[in-house]
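Engineer: One structure, pasted below without further comment.
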Amino acid sequence: MKIAFVGKGGSGKTTLSSLFIRHLAATGAPVIAIDADINQHLGPALGLDEAQAAALPALGERLPLIKEYLRGTNPRIASATEMIKTTPPGAGSRLLRVREDNPVYDACARPVELDGDIVRLMVTGPFTDADLGVACYHSKTGAVELCLNHLVDGPREYVVVDMTAGSDSFASGMFTRFDITFLVAEPTRKGVSVYRQYKEYARDFGVVLKVVGNKVQGQDDLDFLRAEVGDDLLVTIGHSDWVRALEKGRPPRFALLEDVNRHALRRLRTAVDATYDLRDQERYTQQMVHFHLKNARSWGNERTGADLAAQIDPSFVLGESAVTAAGV
């Protein structure tokens, strides 16, 4: 199951995504955690110190390796240099699985221990001084999109992505790559404005969107969110001494998280698992193709010197049935 956490800067989306990752790991579920926000905070939220977080390998810096591996023997892709972030898989492509070991995970993922449980953590990498004035940070998150396009996950396998803040998520087609999107909203006008914008942009793409109210301090805050987002409000999170200790760098054992917040995390997982039977792999693949053609026309063909529309395999549908066909 692929899950995105989005929200405006400062809404608490990274904290909540890290709590959900811990919750999943504590149940023994296999988890890949991805920090796709250019402000790299997921590692520290999962308990890494500054040096450990800085040492994480950046997906954006290993894009050639990722492309070469995923290309496999796909005859529609002449070389890895002709792959862009939206290049879809086809017959001969290599697909990623959550539980497997492969060269992409070896190069780009690191195990993170959470009270005895292990998750794989991958990060886009921070915006560096060399990028200032010459690079777009979306080029870094493109590695995440390419991996998601080639990832086949099953029930009770989880890929949790901490997305970039606000509506920047719509700068690519990555917002359609998820089974469910949790939008973290504070009970403020700015908090719900991001929700309205996200819902409007995602309306035509079948995105399953649920709101997690954060920093809710009383009935008035709850009533405000209910009035503004209606049935999309799934659950609310209030003050947490456990989270405050985490933010000070001294997290207690996760088992000591407050019962009310543990219940909220169980509600999130129930919502995630319920979306598995709603999967439409043909639509998922068609959306992948839609954004690939859009990128090819607007910049990809010119940049690569190739007709990227030719990379599309019309008979390929990403899913469990594609695993054998794709050579995994």
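Please treat every number below as a calculation from the coordinates, not as lab data. Owing to the predicted nature of the structure, the values given are computational and were not obtained by experimental measurement. Neighbour counts run over all protein chains shown; Cβ positions are idealised from the backbone, glycine included.
Engineer: Which aspartates and glutamates, on any chain, are close to residue 67 with Cα under 12 Å apart, when same-chain ones fewer than 8 places away are left out?
Structural biologist: Partners found: 82, 145.
Engineer: Can you work out ³J(HN,Hα) from phi for every residue in the range 229-239, in order, using Karplus 6.51 cos²θ - 1.76 cosθ + 1.60 and θ = phi - 60°, giving whole Hz and x for Gly and Pro?
Structural biologist: After applying 6.51 cos²θ - 1.76 cosθ + 1.60, I find 10, x, 5, 6, 6, 8, 7, 10, 10, x, 5 Hz.
Engineer: Could you tell me the relative contact order of the chain? Use alpha-carbon pairs under 8 Å, at least six residues apart, and round to a whole percent.
Structural biologist: 27
Engineer: Under 10 Å, Cα contacts only: if you run a Gaussian network model on the chain, which one of 310, 107, 264 comes out with the highest mean-square fluctuation?
Structural biologist: With Cα springs under 10 Å in the chain, the top fluctuation among 310, 107, 264 is at 310.
Engineer: Additional query: Determine, for each peptide in 146-156, 75-85, the mean count of other beta carbons within 10 angstrom over its residues, then list the peptides with the highest first. Before the final figure, lay out each step's value.
Structural biologist: Working: 146-156: 19.7, 75-85: 18.2.
Packing proxy ranking, top to bottom: 146-156, 75-85.
Engineer: Once you place label points 7 Å from the Cα toward the Cβ at residue 68 and residue 222, how far apart are they in nm?
Structural biologist: 5.6
Engineer: So for the chain, what are the equivalent ellipsoid semi-axes in whole Å, largest first, each being the square root of 5 times an eigenvalue of the Cα gyration tensor?
Structural biologist: Values: eigenvalues 207, 93, 74 Å².
Ellipsoid semi-axes (Å, largest first): 32, 22, 19.
Engineer: Determine the principal axes of the Cα atoms in the range 196-277, then give the extent along each, sorted from largest to smallest and rounded to whole angstroms.
Structural biologist: 43, 33, 20
Engineer: Search the structure for amide H atoms under 5 Å from the amide H of residue 123, placed 1.01 Å from N in the peptide plane, and list their residues when 5 or more places away or on another chain.
Structural biologist: For residue 123, the qualifying residues are 35, 59.
Engineer: Can you tell me the alpha carbon radius of gyration of the range 179-328 divided by the globular rule-of-thumb value 2.2 N^0.38 Å? Show your work: numbers first, answer last.
Structural biologist: Details: Rg = 20.7 Å, N = 150, 2.2 N^0.38 = 14.8 Å.
With N residues counted in the range 179-328, Rg over 2.2 N^0.38 Å equals 1.40.
Engineer: Sticking with this structure for a sec: Quick one: dipole size for the range 231-328, taken about the Cα centre, charges +1 on Lys/Arg Cβ and -1 on Asp/Glu Cβ, in debye to the nearest 20. Don't skip to the end; give the middle numbers.
Structural biologist: Working: 13 positive and 14 negative charges, 102 e Å.
Charge dipole, the range 231-328, about its Cα centre: 480 debye, nearest 20.
Engineer: What is the set of long-range amide H partners of residue 233 at a cut-off below 5 Å, with H atoms built 1.01 Å from backbone N?
Structural biologist: 211
Engineer: If you don't mind, another one. For the chain, give the magnitude of the charge dipole about the Cα centre (Cβ charges: +1 Lys/Arg, -1 Asp/Glu; no others), in debye to the nearest 20.
Structural biologist: Details: 38 positive and 42 negative charges, 41 e Å.
Computed charge dipole of the chain: roughly 200 debye.
Engineer: Just want the answer: with Cβ charges of +1 for Lys and Arg and -1 for Asp and Glu, which residue in 281, 64, 14 is farthest toward the dipole's positive end in the chain?
Structural biologist: Farthest along the dipole direction, towards plus: 281.
Engineer: Also: Towards the positive end of the charge dipole of the range 1-153, with charges on Cβ (+1 Lys, Arg; -1 Asp, Glu), say which of 93, 51, 124 has the farthest Cα.
Structural biologist: Among 93, 51, 124, the one farthest towards the positive end of the dipole of the range 1-153 is 93.
Engineer: Once Rh for the range 161-233 is found with the Kirkwood sum over Cα pairs, what is the Stokes-Einstein diffusion coefficient at 25 °C and 0.890 mPa s, in µm²/s? Please list the in-between numbers first.
Structural biologist: Values: Rh = 12.6 Å.
Calculated translational D: 194 µm²/s.
Engineer: Calculate the all-directions average of the projected area of the range 1-93's alpha-carbon convex hull, and give it in nm².
Structural biologist: Details: hull surface 30.9 nm².
Taking a quarter of the hull surface, the average projection is 7.7 nm².
Engineer: Lysines within cross-link reach of residue 190: Cα-Cα under 19 Å, excluding same-chain residues under 8 positions apart?
Structural biologist: 8, 13, 199, 210, 215
Engineer: Can you work out ³J(HN,Hα) from phi for every residue in the range 55-65, in order, using Karplus 6.51 cos²θ - 1.76 cosθ + 1.60 and θ = phi - 60°, giving whole Hz and x for Gly and Pro?
Structural biologist: Whole-Hz 3J(HN,Hα) from phi for the range 55-65: 8, 5, x, 8, 4, x, 7, 10, 4, x, 4.
Engineer: While we're looking at this one, here's another question. Nearest 500 deg cm²/dmol is fine: what mean residue ellipticity at 222 nm does the chain get from its DSSP H runs of n ≥ 4 alone, each adding -39,500 (n - 2.57), divided by its residue count?
Structural biologist: Working: 13 runs with 121 residues, N = 328.
Result for the chain: -10500 deg cm²/dmol, rounded to the nearest 500.
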